[in-house]
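Beneath this line is the structure, given in structure tokens, with notes to follow.
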Amino acid sequence: MAHHATFHELLRAPSGAIDLGEFDPHGQPGFEDDKHAGEQALIDLGDELADLQEQLFAQRGTGDERRILLVLQGMDTSGKGGVIRHAVGLVDPQGVRITSFKAPTQEELEHDFLWRIRKAVPAPGYIGVFDRSHYEDVLVGRVRELATPEEIEHRYAAINSFEKELVDDGVILIKCMLHISADEQKERLLARLDDPTKFWKFNPGDIDERALWPAYQRAYELAIEKTNTEHAPWYVVPSDRKWFRNLAVGELLIEALRAMDLAWPEADFDVEEQKARLEHEEPLS
């Protein structure tokens, strides 16, 4: 039987030097059909994805330490919110913990850069989602020169140690770089300015950051290259096509859940005894 490559295989960043120019942001690897079929394919994942997530959630009281942490990084408009709505949104929200990392507060700045990240790591049984993450400290930190080159190098090493610690504690990491083109970002920013219901999403600072596009691309290349480990690999998700981006992350999630070989917890009580109690109970009114 022919082997069909998984999305983990298709999207995984190669080891060694990374050139984002070699990744097509408009591509759709592993899926040959059109937008309509892609949107339907994501919907079709829903039942199994929700079932597997509920099995993971049900394991919380059994001593099973496993959980998933989905890290979403990308330039402005790359679609972190869209992924959360359309892919993560297929599962029961009570089993999901979403953390959006903005510019650090004064309190957070008084601690190590991983301090606020550690507090947001999902508990066993949960799917955690980071909308931006600890990688901001080696991306913005590098481009905006908020830290010395020596400190940035130190942070790469600290991130690798931290992620190894997470994996050893039962965290399955899915690190996604949502890869869009500069042209597509321009279209999305213009679309926000053409729609009064989207003005709230627009920040004039996004254009300032856009002017630093090459520097950000290089920062992403270095971050991926230096933290693309065996235990916590990176996935480069083509994101010019929103529907494919959502489907790809949905597939990465469901593949990770399937690989966990989950099952429903066994009852820790006598089922027949509890049935008998209900069948022979006194009238309640």
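The values are calculated or read from the model by the stated rules, or taken from the named source; none is laboratory data. As the structure is a prediction and not an experimental result, all values here were calculated from the model. Note that we place each Cβ from the backbone using ideal geometry, even for glycine, and neighbour counts take in every protein chain shown. For the accessible areas, the whole protein counts, side chains as well, though only heavy atoms, and no ligand, DNA or RNA atoms are used. Shrake-Rupley method; radii C 1.70, N 1.55, O 1.52, S 1.80 Å.
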When the stretch 248-272 is checked residue by residue, the ones that are aliphatic (A, V, I, L, M) and either touching a strand residue (DSSP E or B) at 6+ places or on another chain (Cβ under 9 Å) or open to solvent by less than 20 Å² (accessible area, probe 1.4 Å) (or both) are Ala248, Val249, Leu252, Leu253, Ile254, Ala256, Leu257, Ala259, Met260
Answer yes or no as to whether Arg116 is touching a residue at least 40 places away in the same chain (Cβ under 8 Å) and open to solvent by 20 Å² or more (accessible area, probe 1.4 Å).
no
The stretch 141-160 - residue that is open to solvent by 70 Å² or more (accessible area, probe 1.4 Å) and of a type in the set (Lys, Arg) and, of those, nearest to the chain's Cα centre (by Cα):
Arg142
Restricting the search to the stretch 106-158, which residues are outside any helix (DSSP H, G or I), touching a Leu at 6+ places or on another chain (Cβ under 8 Å) and small (Gly, Ala, Ser)?
Gly125, Gly128, Ser133
Could you say which residue among Asp206, Asp168 is more than 24 Å from Lys35 (Cβ to Cβ) and surrounded by 13 or more Cβ atoms within 10 Å (Cβ to Cβ)?
Asp206
List pairs: first residue in the stretch 250-271 and of a type in the set (Gly, Ala, Ser), second residue in a helix (DSSP H, G or I) and open to solvent by less than 30 Å² (accessible area, probe 1.4 Å) anywhere in the structure, Cβ distance under 6 angstrom, at least six positions apart or on different chains.
Gly250/Leu42; Gly250/Leu45
Those residues that are in contact (Cβ under 8 Å) with a residue 12 or more places away in the chain, surrounded by fewer than 17 Cβ atoms within 10 Å (Cβ to Cβ) and over 17 Å from His134 (Cβ atoms), I need them from the stretch 67-107; list them, please.
Gly81, Asp92, Gln94
